[in-house]
């Protein structure tokens with residue numbers, strides 16, 4: 001599966017509970033995407049999420065079903081400092 005970085009912008013500070021995470025994970029599994037990790041901005045109004053997915057369309061579908069923004073979806077590849085020669 002390909003890797004995607006998703007930028008999500010929120011109008012209010014993000015507060016997320018365990019039940020919210022469980023719901024997102026269920027929706028993602030149903031759609032066929034895998035949430036790997038997220039970074040939260042200091043003002044708690046933006047997240048940058050790393051996902052595995054077959055294509056951007058599945059990410060957007062999962063976001064829509066979970067009622068989450070998916071403002072920017074970019075396919076990325078991974079570079080690790082220890083792997084660069």
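The values are calculated or read from the model by the stated rules, or taken from the named source; none is laboratory data. Note that the coordinates shown come from a computational prediction; the quantities given were computed from them, not determined experimentally. Positions of Cβ are backbone-derived with ideal geometry, glycine not excepted, and every protein chain shown enters the neighbour counts.
A few comments on the model shown:
- Residue check for residue 43: over 10 Å from the mean Cα position of the chain (by Cα), part of a helix (DSSP H, G or I), over 14 Å from residue 74 (Cβ atoms) and modelled with pLDDT under 95: no
- Selection status of residue 50, out of contact with any helix residue (DSSP H, G or I) (no Cβ under 9 Å at 6 or more places or on another chain), assigned to a loop (DSSP other than H, G, I, E, B) and either modelled with pLDDT under 95 or surrounded by 14 or more Cβ atoms within 10 Å (Cβ to Cβ) (or both): no
- In segment 8-28, the residues that are on the phi < 0 side of the Ramachandran plot reach residues that are in a loop (DSSP other than H, G, I, E, B) and loosely packed, with under 14 Cβ neighbours inside 10 Å with C-beta atoms within less than 7 angstrom, at least six apart or across chains, in these pairs: 8/71; 9/71; 13/44; 14/44.
- The set of residues from segment 53-85 being in a helix (DSSP H, G or I), touching a strand residue (DSSP E or B) at 6+ places or on another chain (Cβ under 7 Å) and closer than 24 Å to residue 17 by Cα comprises 59, 60.
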